[in-house]
Every structure is written in structure tokens, then in C-alpha cells.
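Q: One structure coming up, written as C-alpha cells, with questions to follow.
The values are calculated or read from the model by the stated rules, or taken from the named source; none is laboratory data. Given the structure is predicted, the values throughout are model-derived calculations rather than measurements. Heads up, the Cβs are rebuilt from the backbone with ideal geometry, glycines too, and the neighbour counts pull from every protein chain shown.
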Amino acid sequence: MSRAPGSPQAGPLLEPHPGADRPAAEPSREASGPLPEEIQPPVLLGLDRAITALITGVPPLLLGLAAWRLWNRDLHWRDAAIFAVMYAATALGVTAGFHRLLTHRAFATSRWMRGLLGVLGTMSIEGPVISWVADHRKHHVYTDCVGDPHSPHVDRGGGWRGALRGLAHAHVGWLFDHTQRGSRERFAPDLLADPVISFVDRTFVLWSLLGLAIPFGLGALAGGSLQAGLDGLLWGGAVRIFALHHVTYSINSLCHFFGRRRFATEDHSRNLAWLAPLSLGEAWHNNHHAFPTSAFHGIGRSELDLTGSTIALLERLGLVWDVQRISPQRLAAKTLRA
Ligand SMILES: [Zn+2]
Ligand SMILES: [Zn+2]
């Protein structure tokens, strides 16, 4: 099956319609791959890689410091609280903001809420919001085929070595590789034209630093000392960034490799139940690839989806609307038989 390259607006936002949008003579996406104009060329590749190395490398080093302080019983309840608040706020910025709202338009909201979710997501330091969306829309168009920016299944060889190479590429390797990034012009023209989101995108560094200043300020205020501020920065900054990065990366790596397939999709997406709580529901990834525009990735009460629950709460409060839901008939039509 194929979705026509060059129609990113329709492809990733709407439910996939196998073959329906492609003339019969057009080659499959496996054979054709992406068009050159669908790939975002790197700007200053060496500098980009150095910054990526810094952002992915420093938090794990500081995690060692955090573990050492924990070992010495230097963890205060206020640090745990700062971690939890910062994790929840920035993770929701990514899951509800970057992903369900801005990539898939799973609900609509005011420009203020769009801006707030965009800022919170940017504090996760997962790159400028429009680049994040362009990469993720390209992932949905070319899922697990040539052109997917982070599939564990493409061109990594066979056997367990190939599997490990694929998982490493899908987890962090792709961040250093700019050969299959999504073109911002091609995959996110709507966001480039959105004044609120393009402002948040341009001022990415400012919001990233604010995401470090807030936990420092909270720690210093609650503890009344510079050391308390630094502890707040360690837990609400470095440890929180490390945790959220690797949960997000795990959706790209583990959720295309391990877990259960509930729905028929033409990719390797899977539902990984144990990752659902920390990922705020994003680990119901096979459900998501089956129904990309749905605001809810967990289906039914048994599949915990804290992002979906938050969106439902915001809907009741009148802060979001046009929340996309999938009918039981459409769910049943794609359900795999046991
Ligand atoms: Zn995926
Ligand atoms: Zn998605």
C-alpha cells in the first residue's frame, strides 16, 4: 500500500486510506521513497551534531550526580515534587501539544492554549516545534519504509545485530543523521504560516532556558538557598529532560518493535502497556498508527491514557473543542482477530 508522497497535509493528518489516494500506476512508497524536496537539508551539520550530543549527553552525566545524592539521602520531597510538576507539564506539551494538536489536529483550541502547549513542549528540548512536527508527519507518511526518519526496520541488516542497530538508530542515532528529516516547508506549511507557533519555533532557545530557570527558581524559593535552587535544577531540569527524552525516544524505537498489535496497520507499530503511564498514553502506538487523528490513544478504561484524559477534561472546561473520536464501527473494522 502507499500514500502518495507530496501530500503531507492529507497523509498524516487524516486516517490512512490504503491505495485510495494513489493512481494504480504509481510505484509503491517502498520503491519510490521520498522526493528530494521532502527532506530537510541540515544547517551547519557539525554544530547541530555537537549541540545534539550536548543535549543528549549532559543529562545522563547529571543523572549520575542525582543518583549519588540519592544514595547519600540528599533527595528532598521538594525535589521530587519539582521533578513531577516539570515532567507532567513538559510531557503534556509534547503529547497533547506537539503531537496530538499540532501534528494531527486531534482537537482545536484557542491561540493562547496553542502557544502555551507549544512553549511547554519546547521546554522538553526535543528541537524546535515545527521541525518536530515535520519529522513526525514524515514518519506517518513513510512509516517503517525508506523515508521514515526513525524506523528500527530500514537498512540496518538482519539478525540480532541488525535488530540492535535498528533500535539504536530509532532511539537516538537518527538525531545525528539528517538524511531523512522532514522538510518544514513540505510537511508543516500550516505551522510556518501560524504566527503563534512560528514565534515559539523561532524563540526555541529562550523557552529551553526558561525550562531550566523555572525548576531552579522553584527550588530556590521552596528551599531558600542557592543549593536548593541547584537541586531543583538537577531534578526538574537534567533528570526530567533525561527521563522525558528517553520515554519519547522509546515510542520511536520500542513501540515499533515490542508489544502487541491490536489493529491492522501496514507498519510495525505496537502497543507497549508498561510504557503507557510514563508516556502519558503515547505507548498505545499501534492504536495511534491505526487512527492518527484520534485525540485518544488508549481505547477503553483499561488503556491508561493521561493525555487523552487531560484533553477530555479541557473539553469539559470549554478550553478545547472539536475533539476527534473514533466510532466503535471504525474500531471494529480494523481490529485484528486473536
Ligand atoms: Zn510510529
Ligand atoms: Zn503521530
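Q: Search the stretch 229-245 for residues being under 30 Å from His285 (Cβ atoms) and not hydrophobic (A, V, I, L, M, F, W, C), and hand back the single one that is surrounded by the most Cβ atoms within 10 Å (Cβ to Cβ).
A: For the stretch 229-245, the residue satisfying everything is Gly236.
Q: Here is a follow-up. Which one of these is within 14 Å of ligand 1 (Cβ to nearest atom) and basic (Lys, Arg): Arg114, Arg78, Arg100?
A: Sole residue among the options that is within 14 Å of ligand 1 (Cβ to nearest atom) and basic (Lys, Arg): Arg100.
Q: Something else about it: Answer yes or no: is there a residue in the stretch 326-333 that is surrounded by 24 or more Cβ atoms within 10 Å (Cβ to Cβ) and in contact with a Phe, Trp or Tyr (Cβ under 6 Å, 6 or more places away or on another chain).
A: No, the stretch 326-333 contains no residue that is surrounded by 24 or more Cβ atoms within 10 Å (Cβ to Cβ) and in contact with a Phe, Trp or Tyr (Cβ under 6 Å, 6 or more places away or on another chain).
Quick grid of which residues meet (1) at pLDDT 95 or above; (2) of a type outside the set (Ser, Thr, Tyr):
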| residue | (1), (2) |
| --- | --- |
| Thr203 | yes, no |
| Leu212 | yes, yes |
| Gly223 | no, yes |
| Val247 | yes, yes |
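Q: Can you tell me which residue among Thr248, Thr307, Thr293 is among the polar types (S, T, N, Q) and crowded, with 24+ Cβ neighbours inside 10 Å?
A: Residue meeting the stated conditions: Thr307.
Q: Taking the condition within 12 Å of ligand 2 (Cβ to nearest atom) and closer than 26 Å to Cys145 by Cα, does Phe296 pass?
A: Answer is no for this residue.
Q: What are the pairs with Cβ atoms under 8 angstrom where one residue, in the stretch 243-255, is under 12 Å from Thr56 (Cβ atoms) and within 12 Å of ligand 1 (Cβ to nearest atom) and the other, located anywhere, is in a helix (DSSP H, G or I) and among the β-branched types (Val, Ile, Thr)? Sequence gap at least six, or different chains.
A: Partner pairs satisfying both residue conditions: Thr248/Val94.
Q: Now, a different point. Quick check: is even one residue across the stretch 279-291 touching a helix residue (DSSP H, G or I) at 6+ places or on another chain (Cβ under 9 Å) and more than 16 Å from ligand 2 (Cβ to nearest atom)?
A: no
Q: Scan (1) out of contact with any His (no Cβ under 7 Å at 6 or more places or on another chain); (2) within 16 Å of ligand 1 (Cβ to nearest atom); (3) not β-branched (Val, Ile, Thr) for the single condition Pro292 breaks and write down its number.
A: (1)
Q: Where residues in the stretch 312-325 are in contact with a strand residue (DSSP E or B) (Cβ under 7 Å, 6 or more places away or on another chain) and hydrophobic (A, V, I, L, M, F, W, C), which of them is surrounded by the most Cβ atoms within 10 Å (Cβ to Cβ)?
A: Filtering the stretch 312-325 for residues that are in contact with a strand residue (DSSP E or B) (Cβ under 7 Å, 6 or more places away or on another chain) and hydrophobic (A, V, I, L, M, F, W, C), the one surrounded by the most Cβ atoms within 10 Å (Cβ to Cβ) comes out as Val320.
Residue-wise test of (1) more than 16 Å from ligand 2 (Cβ to nearest atom); (2) free of Cβ contacts under 8 Å to residues at least 12 places away in the same chain.
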| residue | (1), (2) |
| --- | --- |
| Leu206 | yes, yes |
| Leu218 | yes, no |
| Gly232 | yes, no |
| Ala238 | yes, no |
| Ser269 | no, no |
| Leu304 | yes, no |
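Q: Okay, next question. If I ask for residues that are farther than 23 Å from Ala88 by Cβ and surrounded by 24 or more Cβ atoms within 10 Å (Cβ to Cβ), which ones from the stretch 104-136 would you list?
A: Correct list: Ile130, Ala134, Asp135.
Each row is one residue, and each column tells you yes or no for (1) within 16 Å of ligand 2 (Cβ to nearest atom); (2) in contact (Cβ under 8 Å) with a residue 40 or more places away in the chain; (3) under 19 Å from Leu206 (Cβ atoms).
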site	(1), (2), (3)
Met113	no, yes, no
Leu120	no, no, yes
Trp132	yes, no, yes
His136	yes, yes, no
His150	yes, yes, no
Arg161	no, no, no
Leu167	no, yes, no
Phe176	no, yes, no
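Q: Can you tell me which residues in the stretch 178-189 are surrounded by 15 or more Cβ atoms within 10 Å (Cβ to Cβ) and not aromatic (Phe, Trp, Tyr)?
A: His178, Gln180, Arg181, Gly182, Ser183, Arg184, Arg186, Ala188, Pro189
Q: Can you tell me which residue is farthest from Leu313 (Cα to Cα) among those in the stretch 69-107 that are at pLDDT below 95 and hydrophobic (A, V, I, L, M, F, W, C)?
A: The extreme case among them is Trp71.
Q: Wholly within the stretch 153-259, which helices (runs of 4 or more DSSP H) include no fewer than the required count, namely at least 3 residues that are out of contact with any Asp or Glu (no Cβ under 8 Å at 6 or more places or on another chain) and on the phi < 0 side of the Ramachandran plot?
A: So the answer is 159-171, 195-202, 204-223, 226-233, 240-252.
Q: Right, Thr56: away from ligand 1 (no atom under 16 Å from the Cβ), within 18 Å of the chain's Cα centre (by Cα), more than 29 Å from Phe291 (Cα to Cα) and surrounded by fewer than 17 Cβ atoms within 10 Å (Cβ to Cβ) or not?
A: no
Q: Pick from the stretch 134-172 the residues that are touching a helix residue (DSSP H, G or I) at 6+ places or on another chain (Cβ under 9 Å) and more than 14 Å from ligand 1 (Cβ to nearest atom): which of them is nearest to Ser269 (Cα to Cα)?
A: Within the stretch 134-172, the match that is nearest to Ser269 (Cα to Cα) is Val146.
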